[in-house]
Amino acid sequence: MLKAGPLLTVTQLESGYNHLQILWDVSLKVLKGEMVALLGRNGAGKTTTLRTIAGLLKPKAGQIDFMDHRIDGLPAHEISRMRISFVPENLHLFPAMSVMENLLLGAYGIRDPGRTKGSLAFVCDTFPALARRRKQLAGSLSGGERRMLALGRGLMSQPELLLVDEPSLGLAPKMATTVFDTLSKLKLAGLTILLVEQNVHTTLQISDRSYVLEQGRIVMEGRSKELMKDDHVCKTYLGSGDD
Amino acid sequence: MLGPTALWDLFVTGIFRGGMYALMAVGLSLVFGVMNIPHFAHGEFYMLGAYTAYFAFAVFHFPAFMAILSAASMGLLAGVLVEKLVFYPLRRRHPEEWVLNTFLVTVGLSFVMQNAALAVWGGQYRGITQYWQGAIQLGSGMHISLDRAISFIVAIFCIAVLWWFLDFTRTGKAIRAVAQDETGALLVGIDLDQIHTITFGLSSLMAAIAGASLLSLNPAYPSVGLAPLYKSWYVVVLVGLGNMAGAIPGGFLVGLLETFSYYAFGSGWQDVISLSILILILLLKPAGLFGNRGISLSKA
Ligand SMILES: Nc1ncnc2c1ncn2[C@@H]1O[C@H](COP(=O)(O)OP(=O)(O)O)[C@@H](O)[C@H]1O
Ligand SMILES: [Mg+2]
C-alpha cells in the first residue's frame, strides 16, 4: 500500500452547541484510501464531530486540515465544494423532488455536465434500486431507499472524503448488510471514509482503524482488528448484544 | 339580473385582478418558503414599480414595455439591496427568533419606504390613463381594453417564466432545495446567502412588475402598496402558507370573489365577504385550501 500523508487531520478539536461544549479534545487522522470508524456510546459526541468537520458547526478551538487546506470555520457549502461529502444521520433529502433531482443536486458543485453524467452512471450502478425509482419523489421512498439516496447524493460530487453518520440506523438487517457491503466496495474503489456506527461489531470488521469517543474525548485508538480483542472495547461496546 | 355583457365584464375584471394578485402572492410565498420571512413590505416594491413606471412612461416618455422593464429592474435592484443590507446582517448576527424578528423588520421597512416615497415624491397621485390605446372586440358588445389585456399577459408571462426558472435551471433548483431542506442544500454545496439574495430580488422584481402593469388602474402614491399587500397575504393564507403553486389559482379565486361580491353587495361589503370566506375556510381547513406542500413544483 502507498504510504501517503493524511487526507484529514483533526487537531485538539473543541466544539458544541452555543454555550454547551460537547467536544473537549478530539484529535484524529484519516489517511487516503482508509476506512476509519468513530465509535462511542449514544451522546458521546460522534455526530457533533462529523457536523463540525462538515462545517455545520463552528469549532470553538482546534484545527481541521483537509489535503493542503485549513478548513475549520469555513461555511458548509465551501467544505462540500472541496469534496468532503457528509451523509448525515437524518439524511436531509429534498422530499418534494424526484430521486433524479436529488442526485443531480448532489453534483451542484460540479459544473461540468460530462463529469456529472459519469457520477450519475456510477451511482446508478452502485444503487440499482435508485435507478429504478428515479422519477419517484424522495419523500415517498422507504427508509432503506432514502438512506441509499442520501449516500448516492453524497457520492454525486465525486468526493475525496465521505463522512457517514449511522448509515444502518433503522434498517432491517438485510438492508443494513447491503449498506455495509456498499461502503466496503466504495473503499475498495479508492474512496476514503470516516464512519460513525452503532453496530460496533460489523464496523470493526470492515474498517481499517478506529477511534473511541467517550464524553467528547478520544479515549482509545488503534487498528480495528486489535480493538476487537481489547478488554475495554469488548465489555463496553461488544458485550451488550450488538449482533 | 346580470346580462351576458355585464357578466362578461365582471368575469374579465375578476380574472385580470386575479392575475396580479397571483403575481404578488407567488413572490410572498417564495420569500416565506425559502427565507422564512413573513414579508410585510412586499407592497412597497409594488409602489416602487408603480413610481418607476410612471416616471419612465409619463415623464421620460419611454415606450410602455420599456417602462415596465425599468420598473422590473428597479424592483430587482431594490430587493437585492434590501436583502444585502437588512436580512443578510440580521441572519449573520441574530438567527434566533427569525420569523418574529423579520416580521417586525418588514413592518418597519414598509413604514420607512412609504415615508421615503412621501418625502421624495410627495403625496399626490401620479397616474396614467393607459399604456396602450384601443380594445379587443369579441363580438356582440363584449370587448377588453388592450391596456388591461396586455398587463394581464405580462402577469401570466412573468409567472410562467418564474416557473420555468424554478423547475429547469440550476439556480432555480437550488432555490427549491433551500426551501425543502436548508441543511441538505448546504451539504450539496449551495451558498445560502446567494440563494436568499436571488430569491428576495426575484420576489421584489415581480411585485414591481405588478405595480407597473396596474399603473393605469392604480396611480402611484406612497401607500399604494398596502391594498395589494393585504390581498396577496389574503391569497397566501387562503391557499396555505408557503404553497407557491396554490398561489396561482388562489389569486384568480380571490380576484373573481372580490369582483362579484362588489357587484352583488356594493362597495364596502367586498372585504367583509372576503374575510368571512377566509375565516370559514380556515375553520374548516386550518392548513389553507390546498394545505402546505412547500414550493414543490413536481408533477407527481
Ligand atoms: N442541537 C443540539 N443542541 C444541544 N445539544 C445537542 C444538540 N445535538 C446534540 N446535543 C448534545 O450533544 C451531545 C452529543 O451528541 P451527539 O454528537 O449527537 O452524540 P452521538 O452522535 O455520539 O450520539 C449529547 O449530549 C446531545 O444531547
Ligand atoms: Mg449521533
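Tabulated data
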{"quantity": "Helices (runs of 4 or more DSSP H) contained in region B:141-192 and holding at least 1 residues within 10 Å of another protein chain (Cβ to nearest Cβ) and without any contact (Cβ under 8 Å) to a residue 40 or more places away in the chain", "calculated": "B:170-180, B:182-187"}
{"quantity": "Top-ranked residue in region B:245-275 [being surrounded by 12 or more Cβ atoms within 10 Å (Cβ to Cβ) and among the hydroxyl-bearing types (Ser, Thr, Tyr); ranked as farthest from residue B:18 (Cα to Cα)]", "calculated": "B:263"}
{"quantity": "Matching residues in region A:89-142 - criterion: being of a type in the set (Lys, Arg) and facing chain B (nearest Cβ under 9 Å)", "calculated": "A:111, A:135"}
{"quantity": "Those helices (runs of 4 or more DSSP H) lying entirely in region B:22-103 with at least 2 residues out of contact with any strand residue (DSSP E or B) (no Cβ under 7 Å at 6 or more places or on another chain) and crowded, with 23+ Cβ neighbours inside 10 Å", "calculated": "B:42-54, B:64-82"}
{"quantity": "Qualifying positions in region A:1-22 - more than 9 Å from ligand 1 (Cβ to nearest atom) and either in a loop (DSSP other than H, G, I, E, B) or within 14 Å of another protein chain (Cβ to nearest Cβ) (or both)", "calculated": "A:1, A:2, A:3, A:4, A:5, A:19"}
{"quantity": "Index of the failed condition, residue A:183 passing every other in (1) within 16 Å of ligand 2 (Cβ to nearest atom); (2) farther than 18 Å from residue A:48 by Cα", "calculated": "(1)"}
{"quantity": "Residue satisfying all of: in region A:221-233; within 20 Å of the chain's Cα centre (by Cα) and without any contact (Cβ under 8 Å) to a residue 60 or more places away in the chain; nearest to ligand 1 (Cβ to nearest atom) among these", "calculated": "A:222"}
{"quantity": "Search result, residues across region A:187-198 that are touching a helix residue (DSSP H, G or I) at 6+ places or on another chain (Cβ under 8 Å) and surrounded by fewer than 19 Cβ atoms within 10 Å (Cβ to Cβ)", "calculated": "none"}
{"quantity": "Scan of region A:34-80 for residues that are within 14 Å of chain B (Cβ to nearest Cβ), within 16 Å of ligand 2 (Cβ to nearest atom) and part of a loop (DSSP other than H, G, I, E, B), ordered by number", "calculated": "A:54, A:56, A:57"}
{"quantity": "Any hit, region A:23-30, residues being in a strand (DSSP E or B) and either within 7 Å of ligand 1 (Cβ to nearest atom) or of a type in the set (Asp, Glu) (or both)", "calculated": "yes"}
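Only the coordinates and a few stated rules stand behind these numbers; no lab work does. Please read these numbers as outputs of a predicted model, since none were measured by experiment. Backbone-built Cβ (ideal geometry, glycine too); neighbour counts: all protein chains shown.
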